[in-house]
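Colleague: The structure's right below; bear with me while I get my questions together.
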Amino acid sequence: MNQNLYDHILIRYGELSLKKSNRKQFTQKVNDHIKGSLRKFKELSFENRGMRYYIHLNGVNPNDVIPYLEKIPGIFSFSVVARTNSNMDDIKELAKQIILEENYLGKTFKVETNRGDKTFPYSSIEITKMVSGYLFKNVEGLKADVHNPDFTVNIDVRDEGTFIFTKIIYGMGGLPYGSLGKGLLMISGGIDSVVAGYLSIKKGMEIETVHYASPPYTSDNALQKVVDLLETLAPYVNGGKIKLYVVPFTEIQDNIYKHCRNDYCITIMRRMMYRIGEKIARRRKCLAILNGESVGQVASQTLESINVIENVATMPVIRPLAMFDKKDIIDIAVKIKSFDISIRPYEDCCTVFVPKHPQIKPNLNVSIEEENKFNYEEMIEEAVNNVQVIEIDINKHYSVFEESDIL
């Protein structure tokens, strides 16, 4: 791609254009995220034009910038564009240069014009006709096809100049990171929870994460798998850092399986996780608990189980994957490059102790009776007070904190 010809990247916000009184707050969050993600490219400069945001490449190869933009929530699409003055001669000549540069000779094409500058002396239809006619006369071998062209010459006439491009790259979409508040993601080493985290980020949530570790039943490799999974999410996060709270869960899990009915152990284990998760979430000022549950997928995810398990939570529990088929979840996991990590053969505490016949229609009163067979409240407090905090960085730098430093 000719860096001298294509000198800008045009950002489109998509869904954010529907916002009204708070539109500026949303777009500013996207703009800040763009600048933060691209801070390594010192040559870049930025131009904010309301619902148009331009990155001035200043000699930077656009192919180096594109992978960063694809991972920023709130960007609907973007294009690498060439900019010229808003007069017909310059517009025609630039359109011709682009076709020659991209080697579109012999291809079918059409021209589409967006006339945002209403002072421009020609209408969108007139601009389209004049540019199309010029290209037919001056570029050999072009053929018109307004229904299914090989490429489209897009002309965007604005107050600040005219921008021409032939390709639209679709971004992550969604809402700006952190625009909907913060949630605590319950993350295991499986396929689902990291995908739920990705969709939460895409929808505009800031995330922090919690993992329940049960050494020696779960290994250091299982924890490393979780860290590696969060590395796949870090590029989508403004600032590139995600906090992971590792809860020591062995004592609670041992007591569940020692004192409680075998078929109720998964139900009670999940109730304990929600209690601990909510305590951490409130200390970290999170507004919701997030997880990767999909209705009916396993015993703890039947509607009866969800009702009994969630009974202990007093804050919203959001399940981004609630109605997803497993194939749809796997497709996203492959897309975000988490799938191969998730299938590593290191089990977490949710899979190590699965009973042969878990209860799929648990009774709330029975669940309460069973969990009251041991003093879980003291164990929960001890677990929360001994959380290990790991900060995962996009550059694979890790920081470990004491619980008192963070919670």
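Colleague: Against the longest alpha carbon principal axis of the chain, how many degrees, from 0 to 90 and to the nearest 10, is the axis of helix 23-37 turned?
Modeller: The helix 23-37 is inclined about 90 degrees to the chain.
Colleague: Once you sort the root eigenvalues of the Cα gyration tensor of the chain as a ≥ b ≥ c, which label holds: rounded (a/c under 1.5), prolate (a/b larger than b/c) or oblate (the other case)? Don't jump to the answer; show the numbers that get you there.
Modeller: Working: a/c = 2.91, a/b = 2.61, b/c = 1.11.
Here the chain falls in the prolate category.
Colleague: Taking all protein chains as present, what is the carbon and sulfur share of the accessible area of region 56-195, in % to the nearest whole number, probe 1.4 Å?
Modeller: 47
Colleague: Still on this structure, please answer the following. Near G183, within a Cβ-to-Cβ distance under 9 Å, what is the net charge of the other residues, with Lys and Arg +1 and Asp and Glu -1?
Modeller: Result for the neighbourhood of G183: -1.
Colleague: Moving on to the next point. Per residue, how much accessible area does region 38-89 show when a 1.4 Å probe rolls over the protein heavy atoms, in square angstrom?
Modeller: For region 38-89, the solvent-accessible area averages 45 Å² per residue.
Colleague: Take every Cα pair under 8 Å in the chain that's 6+ residues apart, average their separations, divide by the length, and report that relative contact order as a whole percent.
Modeller: 16
Colleague: Among P248, T314, S123, flag the residue with its Cα farthest along the positive direction of the charge dipole of the chain, charges on Cβ as +1 for Lys/Arg and -1 for Asp/Glu.
Modeller: S123
Colleague: For region 231-362, what is the number of Lys pairs with C-alpha distance below 24 angstrom, counting only pairs 8 or more positions apart or on separate chains?
Modeller: So the count works out to 16.
Colleague: In the chain, with Lys and Arg counted as +1 and Asp and Glu as -1 at Cβ, which of these residues, N262, L175, N386, has the Cα nearest the positive end of the dipole, that is, farthest along it?
Modeller: Among N262, L175, N386, the one farthest towards the positive end of the dipole of the chain is L175.
Colleague: A further question follows. With unit charges on the beta carbon (Lys/Arg positive, Asp/Glu negative), name the residue among H357, G74, V195 whose Cα is farthest towards the positive pole of the charge dipole of the chain.
Modeller: The listed residue farthest towards the positive side: G74.
Colleague: Additional query: Based on Cβ point charges of +1 for Lys and Arg and -1 for Asp and Glu, what charge dipole magnitude is obtained for region 274-339 about its Cα centre, in debye rounded to the nearest 20? Numbers along the way, then the final one.
Modeller: Details: 11 positive and 7 negative charges, 105 e Å.
It comes to approximately 500 debye.
Colleague: How far apart, in nm, are the 7 Å Cα→Cβ label points at D254 and E43?
Modeller: Result: 6.1 nm between the two label points.
Colleague: Moving to a separate point now. When the accessible area of region 233-320 is split by element with a 1.4 Å probe, what percent falls to carbon and sulfur?
Modeller: Here carbon and sulfur together make up 49 percent of the probe-accessible area.
Colleague: Using helices alone, I'd like the mean residue ellipticity at 222 nm for the chain: each DSSP H run of four-plus residues gives -39500 (n - 2.57), total over residue count, nearest 500.
Modeller: Numbers: 15 runs with 154 residues, N = 407.
About -11000 deg cm²/dmol.
Colleague: Further question: What whole-number value in Å² describes the accessible area per residue of region 219-343 for a 1.4 Å probe?
Modeller: Per residue, region 219-343 has an accessible area of 41 Å².
Colleague: For R49, what charge total do you get from the other residues with a beta carbon under 9 Å from its beta carbon, if Lys and Arg give +1 and Asp and Glu give -1?
Modeller: Combined, the nearby Lys, Arg, Asp and Glu give -1.
Colleague: Here is a follow-up. Nearest 10 degrees is fine. How inclined is helix 220-233 to the longest principal axis of the chain, computing both from alpha carbons?
Modeller: Taking the Cα atoms of the chain, the angle to 220-233 is about 30 degrees.
Colleague: Moving to a separate point now. Could you tally the net charge around C265, taking each other residue with its Cβ under 13 Å from the Cβ of C265, Lys/Arg +1 and Asp/Glu -1?
Modeller: Working: positive: K258, R261, R270, R271, K356, K373; negative: D254, D263, E370, E371.
Within the 13 Å Cβ shell, the charges total +2.
Colleague: Roughly speaking, what is the stretch gain from I380 to D117, that is 0.36 nm per residue apart minus the C-alpha to C-alpha distance, in nm to one decimal?
Modeller: 88.4 nm
Colleague: So how strong a dipole does region 247-312 carry about its Cα centre when Lys and Arg Cβ are +1 and Asp and Glu Cβ are -1, to the nearest 20 debye?
Modeller: 420
Colleague: Would you mind calculating the gained length between A322 and S219 on full extension (0.36 nm times residue separation, minus the Cα-Cα distance), in nm to one decimal?
Modeller: Stretched fully, the A322-S219 segment lengthens by 34.2 nm.
Colleague: Any idea what the dipole of the chain comes to, in debye rounded to 20, about its Cα centre with Lys/Arg Cβ at +1 and Asp/Glu Cβ at -1?
Modeller: So the dipole magnitude of the chain works out to roughly 1140 debye.
Colleague: Between region 217-239 and region 64-90, how many Å separate their Cα centres?
Modeller: When both Cα centres are located, 32 Å separates them.
The values are calculated or read from the model by the stated rules, or taken from the named source; none is laboratory data. Keep in mind that what you see is a predicted model, and the values were worked out from it rather than measured. Positions of Cβ are generated from backbone atoms using ideal geometry, with glycine treated the same way; all protein chains shown enter the neighbour counts. Note: areas computed on protein heavy atoms with side chains; ligands, DNA, RNA excluded. Shrake-Rupley method; radii C 1.70, N 1.55, O 1.52, S 1.80 Å.
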